[in-house]
Amino acid sequence: MPDPLAVAFVTGVTPTKWFRVWRERRPHGRLDLMPLTQQAALEALQAGTAHMALARDVSADDNWHAIELYREAPVVVAPRDSRVAGLTAPTLDDLAGETLLTVDLLDSTGEAAIDLVAANVGVAVMPQSVARALSRPGVVARALSDAPDTAISLVWPIVGAHPLCNEFIGIVRGRTANSSR
């Protein structure tokens, strides 16, 4: 089978477990992991430089297969000494009057927003995994009780899929090496 299989992944997604299982099953095969922004991951799929992507809120359509793997809870990231940081389970209404920093995970990793929160410029809403991956001293993340969650999906092209896609799909779905599809 042709190696490598290139898998893009967005900030907050940790493909470590799946990479480990891949290495166990294919000790001489290559799995290239590519940390990218959401937009860059989808562009890499279109260009063929990535064969699959672990991306946010992408649904199957005429171009892509997509398997939703899990959902992510939203959090608000706030300066440690702020009013919002003192709330146990803030709501979106609790953020009224705060400077709400826009986090465009399509074009960025969210790092700039975290830096601005750390500088006490405002607060930012993002998936919990992104806040965890980008955590900084001086900031806290609080679960938002009424904000929409996001989905992480495994995405790959309908046309021209890499021959190893099905093997990786089996790994992320938890199939054993001996199970049949």
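The values are calculated or read from the model by the stated rules, or taken from the named source; none is laboratory data. Source: prediction; values computed, not measured. Note that each Cβ is placed from the backbone with ideal geometry, even for glycine, and that neighbours are counted across all protein chains shown.
Under 7 Å between Cβ atoms, at least 6 apart or on separate chains: pull out the pairs that start in region 89-107 with a residue that is closer than 29 Å to L36 by Cβ and end on any residue that is of a type in the set (K, R) and buried (at least 16 other Cβ atoms within 10 Å of the Cβ).
Within 7 Å, the pairs are L105/R56.
Would you mind telling me which numbered condition in (1) at negative phi; (2) not assigned by TED's automatic domain parsing to the domain that holds N166 G110 fails?
Of everything listed in (1) at negative phi; (2) not assigned by TED's automatic domain parsing to the domain that holds N166, G110 misses just condition (1).
Please go through region 133-169 and pick out each residue that is part of a helix (DSSP H, G or I), in contact with a strand residue (DSSP E or B) (Cβ under 7 Å, 6 or more places away or on another chain) and more than 27 Å from H28 (Cβ to Cβ).
none
Keeping to region 134-143, report how many residues are surrounded by 18 or more Cβ atoms within 10 Å (Cβ to Cβ) and at pLDDT below 95.
Taking region 134-143 as the starting set, the residues that turn out to be surrounded by 18 or more Cβ atoms within 10 Å (Cβ to Cβ) are 134, 139-142.
Retained after the next criterion (residues that are at pLDDT below 95): 134.
Qualifying residue count for the region: 1.
Output the qualifying pairs, or none if there are none: Cβ atoms under 6 angstrom, residues six or more apart or on different chains, first residue in region 58-72 and outside any strand (DSSP E or B), second residue modelled with pLDDT of 95 or more and surrounded by 14 or more Cβ atoms within 10 Å (Cβ to Cβ).
Pairs found: V58/A66; V58/S153; V58/V155; S59/A66; A60/A66.
Kindly indicate whether any position in region 31-45 is assigned by TED's automatic domain parsing to the domain that holds I158, in a loop (DSSP other than H, G, I, E, B), surrounded by fewer than 15 Cβ atoms within 10 Å (Cβ to Cβ) and modelled with pLDDT under 95. First the steps, then the outcome.
Applying the first criterion (assigned by TED's automatic domain parsing to the domain that holds I158) to region 31-45 yields 31-45.
Add one more test, that the residue is in a loop (DSSP other than H, G, I, E, B), and what stays is 36-37.
If we keep only those that are surrounded by fewer than 15 Cβ atoms within 10 Å (Cβ to Cβ) as well, we get none.
No, region 31-45 has no match at all.
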